[in-house]
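Undergrad: Pasting a structure below so you can have a look.
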Amino acid sequence: CSASANKPVLTLFTKKPCPLCDEAKEVLEPYKRRFILQEVDITLPENSAWYEKYRYDIPVFHLNGKLLMKHRVNIQKFEDRLREAELQSD
């Protein structure tokens, strides 16, 4: 199925535990069929560059590799960017 190949990729930079990340994922739950969620644990050794960049900012979201939002979900911004990404992939 090539449909999933065209879905925008939402990357969540996170660590355990992260109550704000859990909250953010709940807010995004209704949209989950429209994107692929990729979680990056910034505490893993291979992610040390992300740790240096985002350790005081998680959750951080990138959409298709571009910074989208930090700390809390901005649902309007998320919807706008997701729609743009979907249109580009069609």
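Undergrad: Looking at this structure, is E23 in contact with a Ser or Thr (Cβ under 7 Å, 6 or more places away or on another chain), at pLDDT 95 or above and open to solvent by 80 Å² or more (accessible area, probe 1.4 Å)?
TA: When the stated conditions are applied, E23 does not pass them.
Undergrad: Out of all the residues in the stretch 44-65, which are among the polar types (S, T, N, Q), open to solvent by 80 Å² or more (accessible area, probe 1.4 Å) and more than 12 Å from the chain's Cα centre (by Cα)?
TA: none
Undergrad: If a residue must be out of contact with any Cys (no Cβ under 8 Å at 6 or more places or on another chain), outside any helix (DSSP H, G or I) and on the phi < 0 side of the Ramachandran plot, how many such residues does the stretch 41-84 contain?
TA: 19
Undergrad: Under the condition of being in a helix (DSSP H, G or I) and either in contact with a Gly (Cβ under 7 Å, 6 or more places away or on another chain) or open to solvent by 70 Å² or more (accessible area, probe 1.4 Å) (or both), which residue from the stretch 6-20 is nearest to N74 (Cα to Cα)?
TA: Checking each candidate, the answer is P19.
Undergrad: Then there is this: Any idea how many residues of the stretch 66-80 are open to solvent by 70 Å² or more (accessible area, probe 1.4 Å) and touching a residue at least 24 places away in the same chain (Cβ under 8 Å)?
TA: 2
Undergrad: Consider Q38 against the criteria (1) open to solvent by 80 Å² or more (accessible area, probe 1.4 Å); (2) more than 13 Å from the chain's Cα centre (by Cα); (3) under 18 Å from N6 (Cβ atoms): it satisfies all of them except one. Which criterion is unmet?
TA: Here Q38 clears every test but (2).
The values are calculated or read from the model by the stated rules, or taken from the named source; none is laboratory data. These figures come from a predicted structure and were not determined experimentally. Cβ: placed from backbone, ideal geometry, glycine included. Neighbour counts: every protein chain shown. Side chains are part of the model used for accessible areas, which takes the heavy atoms of the whole protein and leaves out ligands, DNA and RNA. Shrake-Rupley method; radii C 1.70, N 1.55, O 1.52, S 1.80 Å.
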